[in-house]
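Nothing in this text is a laboratory measurement; each read-out follows from the coordinates by a stated rule. Remember, it's a predicted structure, so these values are computed and weren't measured experimentally. Reconstructed Cβ throughout: ideal geometry from the backbone, glycine too, with neighbour counts over all protein chains shown.
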Amino acid sequence: MDMESRRESARALFQSMVLIRAFEERAAAAQAEGKAPGTCTSVGQEASAAGVVKALSSNDLILTNHRSAGHLLARGADPGRMMAEVLGKATGYCKGKSGTLHISVKELGVILTSTIVGGELSLATGVGLSVSMQGSDAVVACFFGDGAACEGIFHESLNLASLWNLPVLYVCENNQWQAFVHRKETMLADHISPRAASYGMDGVTVDGNDVEAVNEAARVAIAKIRETRKPFLLETYTYRTRGHYEPDDQTYVDPEELASWKARDPIASYKKKLLAAGTVSEADLAAIQREVETTIDGAFLFASESPYPAAEELLTDVYA
Amino acid sequence: MSTITAHEAIGQALAEEMRRDSTVIAFGEGVATKRHELVEEFGRARVRNTPLAEGIIAGTAAGAAATGLRPVIDLLFAPFICFAMDEIVNSAGKLRYMSGGQFSFPMVTLAMTGAGWGVGAQHNHNNEAWFVHSPGLKVVMPSNPADFKGLLKASIRDDNPVVFFLDIGLLYVPGEVPEGEHVVPLGKAAIPREGSDVTLISYGKTVHACLAAAKTLEGEGISAEVVDLRTLKPLDEEAFLASVRKTGRAVVVHEASRTCGVGAEVAATIAEKSFASLAGPVVRIAGPDVPAPSSYPLEQAFVPSAAQIVTSVRGLVGK
């Protein structure tokens, strides 16, 4: 990669993470101000979303979960229509019927968002089967957490995907928290990726707070899936620095552990790395940050001014 | 017309729809093993065996349905659907609405149930009402081979998730089935017997108990009309309301347990919408609120009989 493309790639990854952070913090602030319902954020995990999604091609498909804003925004979803969905407005991607937790955007290939932990794992094999039977070279990225990896459907999904050679990139965002319970209380091993071996599948763990490492690992995994048409398990080892949902006072979180992960914040770390390497200038990064703030202000304004769905919408979209 | 069993009728429907539409696929527990003629014609890519894992079978179907395929899945026995509730109820039934109409889920789930094989309550549980109560689903339960074929063809063509119950007591009973294209629309009840004194409303195996009862009652000068609901969701209200407005009396019969069963919905609908035409209370005859037993006499006692229906109708008409 030459210097210019390296700079472009770095700017894109940085911008994506900053956008995700700003969007989720605005949604959380709106909740605190009583302007929005509760939401689940992925603050602290931005490198995982940006790194993986930016490695996908435009015809690849994404399934995600209740912490989906990052995957959607990294894919290019309009923050205004997303914020409108969070506020339950008619201009939201799902007409306000999803709310903050289940946003899908078919036109961007971000499909089938399920907030039932493990739901995305159950659906991914079917999407992989469609892609496979249509003879497409697309890859299906399925994002889930360490909590979902403790569900029985994790086994069922990986077993079937490997048995049927389905082109699924399983991305386990191991954020150490399963709702209000620390991962250490629910599983003995620290990592999910070694389980891939049981299914004859490749499994890799990557530092989920290092966006370039995630991006590179995802590129390698995706290239392998395209070549072999077999599934792959990528674990991004990271940390959820906000609570399970908003509001959440996190009194159950060990402050030392939280502080140690906050010190490894993916955005701050990346900024430091880019500046040290001289890839981009401080002014450049500051400009990105300002642009993102303007975007989010505009998104919130658009969402606030948008109408609620008409009463008739209650009964539409039930059946095809 | 040809005389075939419901099991054969299902095979015909699958083969015809797979021939007609290359996006129709079939998979599930033993599908490729039991339907080897489908494997021969359509290949192993479209007809697949799966692990005994209902959750991933149904989830795979929902994911495939949302992205261009029309899966038909076989989960074997209805109680096993408990393992696939999330995928059928939360995903297939809700994600169209929750996505603001971006996706549809054209998939059919087959499951056997009902008394007759002495398989006990973990293989025999008429749980169709659970799905009637769940938004976004359609529910079908046929009573004869022609309807098995025609309703399955309509279910495969439907753009929504259909839960299709197979009463095991009916699967190997032969009946006449029209040759070739025979599609029975979803949401339309049938009137297999017309009458003027009482309406017997049922579906699945107990339709035959109603028909037997109607025959007995005819000998006593009581004319019973039989309504076979065929589709439980959407329910063909007009069909049974029109019948009850004519006869003034209604008996709802099903094998599923009584409390919150489909019969409760039918009875409430009659009370709401044609109360004035009723000459007496709407009567429900249903299975008891107990797990289905295995022992043959107990299993038979679980199922509403023609004799029970006759007794009930006599009371209702005052004879």
Select from B:61, B:313, A:74 the residue farthest towards the positive end of the dipole of the protein assembly as shown; place +1 on Cβ of Lys and Arg, -1 on Cβ of Asp and Glu, and compute about the Cα centre. B:313
For B:193, A:219, A:75, order by how many other beta-carbon atoms lie within 10 Å, fewest first: A:219, B:193, A:75
Can you list the aspartates and glutamates whose alpha carbon is less than 13 Å from that of residue A:184, not counting same-chain residues fewer than 8 positions off? A:146, A:254, A:257
Cα lying deepest toward the dipole's positive end in chain B, options B:38, B:271, B:285, charges on Cβ: B:271
Would you kindly derive the ³J(HN,Hα) couplings of the range A:306-320 from the backbone phi angles with the Karplus curve 6.51 cos²θ - 1.76 cosθ + 1.60 (θ = phi - 60°), listing them in order in whole Hz, with x for Gly and Pro? 6, x, 6, x, 5, 4, 4, 4, 3, 9, 9, 6, 7, 10, 7
Leading residue at positive end of dipole, chain A (Cβ point charges), from A:223, A:42, A:31: A:223
Quick one: grab the alpha carbon gyration tensor of the range A:1-153, order the square roots of its eigenvalues as a ≥ b ≥ c, and give me rounded if a/c is under 1.5, else prolate or oblate depending on whether a/b is larger than b/c. oblate
Rounded to whole Hz and in sequence order, give me ³J(HN,Hα) for the range B:130-135 from the Karplus expression 6.51 cos²θ - 1.76 cosθ + 1.60, θ = phi - 60°, writing x for Gly and Pro. 4, 7, 4, 7, 9, x
Output ³J(HN,Hα) for the range A:139-155: one whole-Hz value per residue in order, computed from phi by the Karplus curve 6.51 cos²θ - 1.76 cosθ + 1.60 with θ = phi - 60°, and x for Gly and Pro. 10, 10, 9, 10, 9, 8, x, 5, x, 5, 5, 8, 8, x, 5, 4, 4
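Averaging sequence separations of C-alpha pairs under 8 Å and six or more residues apart, then dividing by the length of chain A, give the relative contact order as a whole percent.
Working: 610 pairs, mean separation 78.0, N = 320.
Relative contact order here is 24 percent.
I need the shape label for the range B:190-317. Rule: rounded when a/c is under 1.5, else prolate if a/b > b/c, else oblate, with a, b, c from the alpha carbon gyration tensor. Don't skip to the end; give the middle numbers.
On the way: a/c = 1.76, a/b = 1.28, b/c = 1.37.
The shape class here is oblate.
Placing +1 at every Lys and Arg Cβ and -1 at every Asp and Glu Cβ, with all other atoms neutral, what dipole size does the range B:190-317 have around its Cα centre, in debye to the nearest 20?
On the way: 12 positive and 14 negative charges, 18 e Å.
That gives a dipole near 80 debye.
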Cα long-axis angle, helix B:262-273 against chain B (0 to 90 degrees, to the nearest 10): 60
Please work out the Cα center distance from the range A:278-320 to the range B:205-241, rounded to the nearest Å. 57
If amide H atoms are built 1.01 Å from N in the plane of the peptide, which residues on other chains or at least 5 residues away come under 5 Å of the amide H of residue B:284? B:252
Placed amide H near residue B:163: partners under 5 Å, 5+ positions off or other chain: B:109, B:138, B:139, B:140
Let's test the formula: R0 of 30 Å, r as the Cβ-Cβ distance of residue B:196 and residue B:300. What FRET efficiency results, to the nearest 0.05? 0.45
Go ahead and estimate [θ] at 222 nm for chain A from helices alone: -39,500 (n - 2.57) per DSSP H run with n ≥ 4, summed, over the residue count, rounded to 500. -14500 deg cm²/dmol
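Using the crude model of +1 on Lys and Arg Cβ and -1 on Asp and Glu Cβ, and no other charge, please compute the dipole size for the protein assembly as shown relative to its Cα centre, in debye to 20. Could the numbers behind the result be given before it?
On the way: 58 positive and 76 negative charges, 124 e Å.
That gives the protein assembly as shown a dipole magnitude of about 600 debye.
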List the residues, sorted by chain then number, that are 5 or more residues from residue A:61 or on another chain and whose placed amide H is less than 5 Å from its amide H. A:139, A:140, A:141
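Helix-derived [θ] at 222 nm for chain B: sum -39500 (n - 2.57) over DSSP H runs of at least 4, divide by residue count, nearest 500? Walk me through the numbers on the way to the answer.
On the way: 12 runs with 117 residues, N = 319.
Mean residue ellipticity, 222 nm, calculated: -10500 deg cm²/dmol.
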Using alpha carbons only, how many angstrom separate the centre of the range B:122-157 from the centre of the range A:24-73? 39
To the nearest 20 debye, the range B:2-177 has a Cα-centred charge dipole, built from +1 on Lys and Arg Cβ and -1 on Asp and Glu Cβ, of 360
State which entries of A:97/B:94; B:94/B:233; A:54/A:97; B:149/B:233; B:188/B:273 exceed 22 angstrom in Cα-Cα distance in the structure shown. A:54/A:97
Considering only C-alpha atoms, what is the centroid distance from the range A:172-218 to the range B:12-82, in Å? 33
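Based on the Cβ-Cβ distance from residue B:133 to residue A:293, what FRET efficiency comes out when R0 is 41 Å, to the nearest 0.05?
Details: r = 47 Å, r/R0 = 1.15.
Taking R0 as 41 Å, the efficiency between residue B:133 and residue A:293 is 0.30.
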What order do you get for A:180, B:77, A:300 when you list them from fewest to most C-beta neighbours inside 10 Å? A:180, B:77, A:300
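To check you understand DSSP bridge types, tell me what percent of the beta bridges within chain B (both residues inside) are antiparallel, rounded to 5.
On the way: 8 of 43 bridges.
Bridges in chain B that DSSP calls antiparallel: roughly 20 percent.
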